[in-house]
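Remarks on the structure that follows.
The values are calculated or read from the model by the stated rules, or taken from the named source; none is laboratory data. Keep in mind the model is a prediction, meaning the values are calculated, not measured. A quick note on method: Cβ atoms are made from the backbone with ideal geometry, for glycine too, and the neighbour counts reach across all protein chains shown. For the accessible areas, the whole protein counts, side chains as well, though only heavy atoms, and no ligand, DNA or RNA atoms are used. Shrake-Rupley method; radii C 1.70, N 1.55, O 1.52, S 1.80 Å.
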2 protein chains.
Amino acid sequence: MVEINPVVHGQMMAIPLTLASVMRHAERVCPDSRIVSITADNSRHRYTLREAFQRVRRLANVLHNLGLPSGTRVGTLAWNDHRHLEAYYAISCSGYVCHTINPRLFPAQIEYIANHARDRVLLVDPAFVPLVEKLAPELRTVDHFIALTGDRSVLDGTTLRWLCYEDLLAAASPEFSFPDLDEDAACALAYTSGTTGAPKGVLYSHRSTVLHTYAVTMPTAFALSPRDVVLAVVPMFHVNAWSLPYAVPASGATLVLPGSKMGDAAILATLINEERVTCAAGVPTVWINLLAYLRTKRLGVPSLERVIVGGSACSRALLEAFENEHDVDVLHAWGMTEMSPLGTVNTAPRSADIETRLKQGKPIFGIELKIIDAHGHELPWDGVTSGYLKVRGPWVCRGYFQHTDSPAHYEHGWFDTGDVATIDRDGYLQITDRAKDIIKSGGEWISSIDLENAALMHPLVQESAVIGVPHPKWDERPVLYVVSKDGTRVDEGSLRHCLARHIADWWLPETIVQVDTLPHTATGKLDKRALREQHAAVMK
Amino acid sequence: MVEINPVVHGQMMAIPLTLASVMRHAERVCPDSRIVSITADNSRHRYTLREAFQRVRRLANVLHNLGLPSGTRVGTLAWNDHRHLEAYYAISCSGYVCHTINPRLFPAQIEYIANHARDRVLLVDPAFVPLVEKLAPELRTVDHFIALTGDRSVLDGTTLRWLCYEDLLAAASPEFSFPDLDEDAACALAYTSGTTGAPKGVLYSHRSTVLHTYAVTMPTAFALSPRDVVLAVVPMFHVNAWSLPYAVPASGATLVLPGSKMGDAAILATLINEERVTCAAGVPTVWINLLAYLRTKRLGVPSLERVIVGGSACSRALLEAFENEHDVDVLHAWGMTEMSPLGTVNTAPRSADIETRLKQGKPIFGIELKIIDAHGHELPWDGVTSGYLKVRGPWVCRGYFQHTDSPAHYEHGWFDTGDVATIDRDGYLQITDRAKDIIKSGGEWISSIDLENAALMHPLVQESAVIGVPHPKWDERPVLYVVSKDGTRVDEGSLRHCLARHIADWWLPETIVQVDTLPHTATGKLDKRALREQHAAVMK
């Protein structure tokens, strides 16, 4: 006989996990923590969290007065600065959805995304006012255009009815009572800039964002504390700047926002040294440029303790340069837009072996991983067997905005990352390749990433890319593209010799193509789809 | 016209926050992290998290085979050791409620609590087998008695039908599929050992416990990382050992459990030095005894980096002894059984002023504080104004187990702590007194705690207690009780002189009583209720 009985519930307070709780915590517990940012109208804007959240309340009044229903998408086209931060909180805590749009996308993509999200308001950095002026006739749902500036002159000669952000804030009350929200309510929206198909939106909830904030702050992830000064070089228009706009205030640290200067190594070096930055987050390209600049100028970064490297894999050269030249720890991190974004962080100590330290790290508490074969069977965590990587957790998406189903990506409660990976017995993840980039040769797999890394071991190779091309006997074979460091041709014999030292014989590419540049996506990633098309066109 | 619209929900995975997720994370991501414990049958039991959770599955099979409905309370009367840890996870993750009973309570209280909770199973350390044998006739709901031992000889001569833990585990399968649980399901139950009224149960949920685990682990709280070795001197029968049994495995650290030896300074010193403990948690008495022992034996604790001091206020002498004699940081923490327990932690750096550093600290992310006056009006955070302290957060209770209402403690979504406190502009909490202990004299408040601390500044005073007694003119006046360090009488003149240097004139007690000992509760706290009764009896 089966005994039927009701669930015995705990008797704890039903307090929803909302971003308003991050705001209340930050402004009451760390009121004097600072936000430093670079904007078009101020080379170094500074204020405290207390002042920041007073302005957030003013902005909430501005939005409230527009009479938008809750859940309305409010778009932003903006850099990393204090006004964008205010928008993050005012929009989400008011019950609207903060839709960050990547201004580096092609205009047609921006138009598609704003229309698909049905943005009713756009908050726009002065740098993107001309772009929006051009796109406006196609933006079918936008009623309100707000320029993120205090300088009305940037609007001279515009044709749209622009509102000026600082004028609106000055006229608004600093008192605002934020609504009580359901923790499952949407708070933010980010579109993936995939290389195939139309962009797809990931709709984050207050709950997922708060839980992600807790996890990101832990010592097994970014280890954020009040004594940290955190430089966010990862854009706020790209997966919520890896949640730093939430996690840094929640931990009482100082947040440094480089505005439009994310690609300017000289300004980044100055910010690090003048603001005494302890922790900085960004993609490998940012750090490669910074290190080159520091070398040229013979500069140090003595305050810097650790860098978070994500977006693409961290190379051994990058890790060793930070450690050996600047005594800076590297936290190699991995995630996806669909994961809020953080999935794994490598916090292995310097005493661990280099192979382990170059992996993408261990899942942060809350994220579960598994690798499966083509038949869906789970594969062992032995550090050798590679399989399709699936993930689950409270900050992983279960579908895309206004897509009713996504069967390819979300099956049996697990999200398919599209990556191929190994996991070792301690839980260290190593991404071997994108599932669509792996080269299937004679029934075996060749990792395009491993082959690219082997090419990078050659001292004259600046960048490398490997694609698979059809082969009558082996099904697929790799083709290697390389860009040289000094613009001259790399000696093919020495390159093949170098490859042979690092990879198996049967992985060696029959064809090596030397080019001046390789195609990249709007977010700076190697665009293998474009490279395949380019290769196919040339081969015809 | 009010626009009615449905909530737009985020599209993130609905993964419940359950203790099974802590278990899965710990065993997959930190399988080799260690648990070290002292038991009656092993002076130093060691195993890994992987081995621990294999045994948890065996125990889950044992419990499953008892055929208990979900939500059943399973009681424990046990010390801090690996078997108790296994019970924590096996009980909660199976959908039962882990009811930790304080074996130091009076037998009548234990009987009351076990009956009130309707415990169906009791897991009992061999040390408490005789106690349970005596109580058994009154334990109306318990069907199964399990002795936490591998040594059947400890059951010789017993009359109950005892099951032997290690025999049960050896016979059980190590395979078990834990049920999917609602995150609001109850996971644990702890009774408060208040000095007034019957004990009251706090029923924790999986959600509240997981969220508390996240918060406790953050750098603004205990900052637990895989490189930590954590000694839990706070009992697992008292508010889940401040959540260390969850937070330490979740962060990949090593957990050291001192068994029944929590009061033995020599063994604690040995554990710290042999296991290279980095972080230790306990009440002030534990640390006072340890420091005295280290002084006598001229011993150091070089691996120890920080101690978490809670349960009672940390004195300046204790904080300075750790810093000056051992270069150990003190994390002063505050909480309550009703708060899971952590509310605030002081992580101010040593460079901060000593007054700030002696406060109970700032609320951890998720906990909100307020102070109110007698009319319910909120008071300012100025570090001076004191008021009744109320708290809220997802790991604060909203009622007591099988009490339908608790109006005095839970009003308008806030829990009344029963404390009087100040909060400064940076959010640092300072508990001034218990609301029921504060002395109302001539319309003003005298803090019994401040007066006790002033008495402790006298070099010969070991312990002090202040109670209010009725006074015809001033309403109430303080009476000071002191215990001397060496058993001799403290010169009253020098004591009064010492007090006058630290407190206002009108706070000076008319009466000072010197005694050999003061009454304490079962959890080691000063029992002012008993002292008041004792004082009233003597005064008659």
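Miscellaneous remarks
- Inter-copy label distances at B:E444, using a point 7 Å along Cα-to-Cβ, come to 8.7 nm with the shortest given first.
- Partner lysines whose Cα lies under 25 Å from the Cα of A:K362, excluding those fewer than 8 positions away in the same chain, are identified as A:K370, A:K390, A:K436, A:K525.
- Ellipticity at 222 nm from helices only: DSSP H runs of n ≥ 4 in chain B, each -39500 (n - 2.57), divided by the residue count, give -9000 deg cm²/dmol.
- Whole-number D in µm²/s for the protein assembly as shown (Stokes-Einstein; Kirkwood sum over Cα pairs; 37 °C, 0.692 mPa s): 104
- Pairwise FRET efficiency - B:T521 versus A:Q462, Cβ, R0 = 56 Å, nearest 0.05: 0.20
- Here the extension length gained between B:N324 and B:V513 equals 64.7 nm, from 0.36 nm per residue of separation less the Cα-Cα distance.
- Cβ-defined net charge surrounding B:I512, 10 Å radius [Lys, Arg +1; Asp, Glu -1]: -1
- For B:D373, inter-copy label distances in nm, listed shortest first [label point 7 Å out on the Cα-Cβ vector]: 7.5
- The shape of segment A:164-283 comes out rounded: with a ≥ b ≥ c from the C-alpha gyration tensor, a/c is under 1.5.
- Using θ = phi - 60° and Karplus 6.51 cos²θ - 1.76 cosθ + 1.60, couplings along segment B:309-314 (whole Hz; Gly, Pro as x): 10, x, x, 9, 5, 8
- Residues whose amide H lies under 5 Å from that of A:V233, counting only those 5 or more places away or on a different chain, are A:A281; hydrogens are built 1.01 Å from N in the peptide plane.
- Between amide H atoms placed 1.01 Å from N, distances below 5 Å from B:A188 occur with B:C98, B:Y204, all of them 5 or more places distant or on a separate chain.
- Shape class of segment B:353-492 from the Cα gyration tensor (axes a ≥ b ≥ c, square roots of the eigenvalues): prolate, since a/c reaches 1.5 or more and a/b is larger than b/c.
- Leaving ligands and nucleic acids aside, the B/A contact buries around 6400 square angstrom of accessible area in total at a 1.4 Å probe radius.
- Average beta carbon contacts from partner chains per residue of A:219-228, 10 Å cutoff: 5
- For peptides B:266-274, B:53-61, sequence by mean Cβ density within 10 Å, most packed first: B:53-61, B:266-274
- Rolling a 1.4 angstrom probe over segment B:60-141 with all protein chains present gives an accessible area of which 54% lies on carbon and sulfur atoms.
- Farthest positive-ward along chain B dipole, Cα basis, beta-carbon charges - from B:P31, B:I367, B:I431: B:P31
- Given +1 at the Cβ of Lys and Arg, -1 at the Cβ of Asp and Glu and no other charges, the dipole of chain A around its Cα centre is 640 debye to the nearest 20.
- Residue by residue, segment A:43-48 carries 3J(HN,Hα) couplings of 6, 7, 7, 10, 7, 9 Hz when phi is fed to the Karplus relation 6.51 cos²θ - 1.76 cosθ + 1.60 (θ = phi - 60°); x denotes Gly or Pro.
- Peptide packing for B:482-490, A:380-388, B:391-399 was compared via the average number of neighbouring C-beta atoms within 10 Å per residue; ordered from the highest value, the list is B:391-399, A:380-388, B:482-490.
- Residue by residue along B:198-205, Cβ atoms of other protein chains within 10 Å of the local Cβ number 2 on average.
- At 1.567 mPa s and 4 °C, Stokes diffusion of segment A:62-109 via Kirkwood alpha-carbon radius, µm² per second: 112
- Comparing B:P103, B:V515, B:H502 along the charge dipole axis of chain B, the residue lying farthest to the positive side is B:P103, per the Cβ-charge model.
- Taken over the Cα atoms of segment B:8-134, the convex hull encloses 147 Å³ per residue.
- Dipole moment magnitude, nearest 20 debye, segment B:57-125 about Cα centre, only Lys, Arg, Asp, Glu C-beta charged: 160
- Only one residue of A:N115, A:L68, A:S94 has its Cα farthest out toward the positive end of the dipole of segment A:45-137, where Lys and Arg carry +1 and Asp and Glu -1 on Cβ, and that residue is A:S94.
- Taken over chain B, the convex hull of the Cα atoms encloses 189 Å³ per residue.
- The residues B:M218, B:M457, sorted by heavy-atom accessible surface at 1.4 Å with ligands and nucleic acids left out, run B:M457, B:M218 from largest to smallest.
- Rounded accessible area per residue of the protein assembly as shown, 1.4 Å, Å²: 39
- Across the identical copies, the label point of A:D491 (7 Å from Cα in the Cβ direction) is separated from its matches by 9.3 nm, in order from shortest.
- Put simply, when A:354-362, B:245-253, A:411-419 are sorted by average Cβ atoms within 10 angstrom per residue, most first, you get B:245-253, A:354-362, A:411-419.
- Segment A:70-138: C-alpha gyration tensor shape, a/c 1.5 cut-off, then a/b vs b/c: oblate
- Phi-based couplings in Hz for segment A:346-353 (Karplus 6.51, -1.76, 1.60; Gly and Pro marked x): 9, 10, 4, x, 4, 6, 6, 6
- Value of Rg to Rh for segment A:350-428, rounded to two decimals, is 1.02; Kirkwood radius and Rg both from alpha-carbon coordinates.
- Contact order normalised by residue count of chain A, Cα under 8 Å, 6+ apart, percent: 10
- Per-pair calculated FRET efficiency, R0 = 41 Å: B:T385 and A:N65 via Cβ, rounded to 0.05: 0.70
- Shielding by partners for peptide A:182-189, expressed as the average number of C-beta atoms from other protein chains within 10 Å of each residue's C-beta, is 4.
- Measuring from the axis that maps chain B onto chain A, the chain B residue with the nearest beta carbon and its rounded distance in angstrom come out as B:Y214, 2.
- Test item: Cα-centred dipole of the protein assembly as shown, Lys/Arg +1 and Asp/Glu -1 on Cβ, debye: 180
- For B:G383, the residues 5 or more places off, or on other chains, whose built amide H falls under 5 Å of its own are B:I423, B:D424, B:R425.
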